[in-house]
1. Output the residues belonging to the stretch 1-26 that are closer than 15 Å to C58 by Cβ and among the charged types (D, E, K, R).
2. Kindly list, by first and then second residue, each pair from a residue in the stretch 15-32 that is open to solvent by 40 Å² or more (accessible area, probe 1.4 Å) to a residue that is in a loop (DSSP other than H, G, I, E, B), limited to pairs with Cβ atoms under 7 Å and residues at least 6 apart or on different chains.
3. Which helices (runs of 4 or more DSSP H) does the chain wholly contain that include 3 or more residues that are modelled with pLDDT of 85 or more and not β-branched (V, I, T)?
Amino acid sequence: MPAAAEDRLDSWKEIAAYLRRGVRTVRRWEHDEGLPVHRQLQLKARSVYAYKSEIDACGIRLAVRFRKAA
């Protein structure tokens, strides 16, 4: 598991900004395509986080670049 703080994205907004997509799209990718997002259960709400290295490794970001170029 990556440990570098700069590798971590701490919200749906940060994850979406990294992928240059909207939050709804990123949440759909997590559900439908297995985008690696982690959840941390807290007292009042769930927080989500993801690692840039895991996102890059799963190929989603690369696919986004190719779709954008086409």
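1. D7, R21
2. Taking only residues 6 or more apart or on different chains, the pairs are E30/V37.
3. Values: elements: 12-19, 23-33, 52-58, 60-69.
Once the helices (runs of 4 or more DSSP H) in the chain are filtered for at least 3 residues that are modelled with pLDDT of 85 or more and not β-branched (V, I, T), what remains is 12-19, 23-33, 52-58.
The values are calculated or read from the model by the stated rules, or taken from the named source; none is laboratory data. Worth saying up front: this structure is predicted, and the values here are computed from it rather than measured. For neighbour counting, all protein chains shown are included, and Cβ atoms are generated from backbone atoms with ideal geometry for every residue, glycine included. All accessible areas refer to the heavy atoms of the entire protein, side chains included, with ligands and DNA or RNA removed. Shrake-Rupley method; radii C 1.70, N 1.55, O 1.52, S 1.80 Å.
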